[in-house]
Amino acid sequence: MKHLILGFSAAGANAAETLRRQDSQAEITVLNGENRPFYLRLDLEGIFHGKGAEQLMPRPPEYWEERGIRVVPGRAARVNPARHEVHIESGGTLHYDRLLIAVGSAPRDLTVPGRGLDGIFHYHTLGDALAIHALRERVRRAVIVGGGILGLELAHAAHAFGWEIVILVRGGHVGSPIVDASGSALVLASLERAGVKVIFRDEVAAFEGREKHVTAIRTKSGRILECDFAGICAGVVPDVGFLEGSGLLEDGQLIVNERLQTSAPDVFAAGDCAVVHATDGRLIPCRNWNVASAQARVAAANMSGADSVWTEGVLYNLDYLFGQEFALIGPWADRHLPERALHEFPAENSYRALVTHEGILESALLLGDRSADRRLRKLIAAGAVVENRLPQVLDTNIPLENLLKF
């Protein structure tokens, strides 16, 4: 059996390992678009705090060759499911019996005048982080476009470097889509204490420069924001453009069933590039690194002849918004769907929110106070009915068993 994997991040690496465990004789090839060994993308900020690139790599480069997994540098240009072929951007063709598409996401770019100037960076890959870190003693003023999780992470690093920072936010609050406007005050207060300026409801109209290097951003409202560094953190999109014309996309999306199988029976997909069409009709995007890894293991098992089904389980994500630790539990992204009720518990140094669906606890956000973390995970997993008992849910002095009786 000849297996081909496109992409070498969480989904691609986990799939390769699973395939080898399933079949010691299979031919496994990974097409790696970054030309770097597998690394932990979720630890990119570690580069800014002194970690070397090798410290983000959980496997030594020789690990893959020792297990008979061939890693080929390059990006896919086109997929032909009928001929079981993948054409590479640099030339050449790879053939497969089973294909896994695990190319992840790509950063949204800005198509505005001056975008080609030096000093403008995305923050998405290890290469991006290394390039930004190398500038830490040469930059004075930075403008970061986007106030979401990556923009805030980059701002946190820039603050540690001693840069003057402006964050340009298209919407009306920071931390989106993790927090809504009502929960963002805590994060904004952290930014203000650090001396970070935030501009809301404005966008980049053009980058301006001198001698091919960025010197300012001109906004749509007419502001001129002087800078010698610009970071574009405007979100990500599934990196599926190369699949146009393959017959694998539906309305621009790479949709798979719960076996992670596409419309072509020998082609599977997992991670940020894919959307799962669940049996209940929902379209479920990949929500984090752990989900991508779990999907990849299911896809790889099915590529090897198993009949495995991916289930979302209780989602859990732990991270920071400009130094403010948060935990997301359950399908928090669904909080604004019909029949959901959002219950907010703001405090001076924390913001906590619970989402119920027909009285059942469905998801939660804990920002600045994670004391109820473990009990919430258990309650959500149990489908606990918490209607009329919401304050007790967050009170860690009340035994969990009391909330599981109903």
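Bear in mind that the values in this text are calculations on the coordinates, not laboratory data. Please read all numbers here as calculations on a predicted model, not as lab measurements. A quick note on method: Cβ atoms are made from the backbone with ideal geometry, for glycine too, and the neighbour counts reach across all protein chains shown.
Quick notes on this structure:
- Over all pairs of different C-alpha atoms in region 120-234, the reciprocal of the mean inverse distance, the Kirkwood hydrodynamic radius, equals 14.2 Å.
- In a simple Cβ point-charge model (Lys, Arg +1; Asp, Glu -1; nothing else charged), region 302-376 has a dipole of about 140 debye relative to its Cα centre.
- Given +1 at the Cβ of Lys and Arg, -1 at the Cβ of Asp and Glu and no other charges, the dipole of the chain around its Cα centre is 400 debye to the nearest 20.
- Toward the positive end of the charge dipole of the chain, with +1 on the Cβ of Lys and Arg and -1 on the Cβ of Asp and Glu, the farthest Cα among A106, S9, H122 is that of H122.
- Shape call, region 45-124: gyration tensor on alpha carbons, a/c limit 1.5: oblate
- Sorted into 5 angstrom bins from 0, the C-alpha pair distances of region 52-202 split as 2, 7, 13, 15, 14, 13, 11, 10, 8, 6, 2, 0 percent.
- Mean Cβ count within 10 Å, highest first, over the residues of peptides 335-343, 361-369: 361-369, 335-343
- Helix-only [θ]222 nm of the chain, DSSP H runs n ≥ 4, -39500 (n - 2.57) each, per residue, nearest 500: -6000 deg cm²/dmol
- For region 273-353, a Kirkwood radius taken over Cα pairs fed into Stokes-Einstein (10 °C, viscosity 1.306 mPa s) yields D = 105 µm²/s.
- Taking the centroid of alpha carbons for each part, region 154-217 and region 263-300 are 33 Å apart.
- Under a model in which nothing but the beta-carbon of Lys, Arg (+1) and Asp, Glu (-1) is charged, region 120-234 shows a dipole of about 220 debye around its Cα centre.
- Spherically averaged projected area in nm², based on the convex hull that wraps the Cα atoms of region 317-374: 4.1 nm²
- A simple packing score, the average count of other Cβ atoms within 10 Å per residue, orders the peptides 209-215, 96-102, 160-166, 374-380 as 96-102, 374-380, 160-166, 209-215, with the highest score first.
- Spatial extent of the chain: Rg and Dmax, with the Cα atoms as the point set, Å: 22.6, 70
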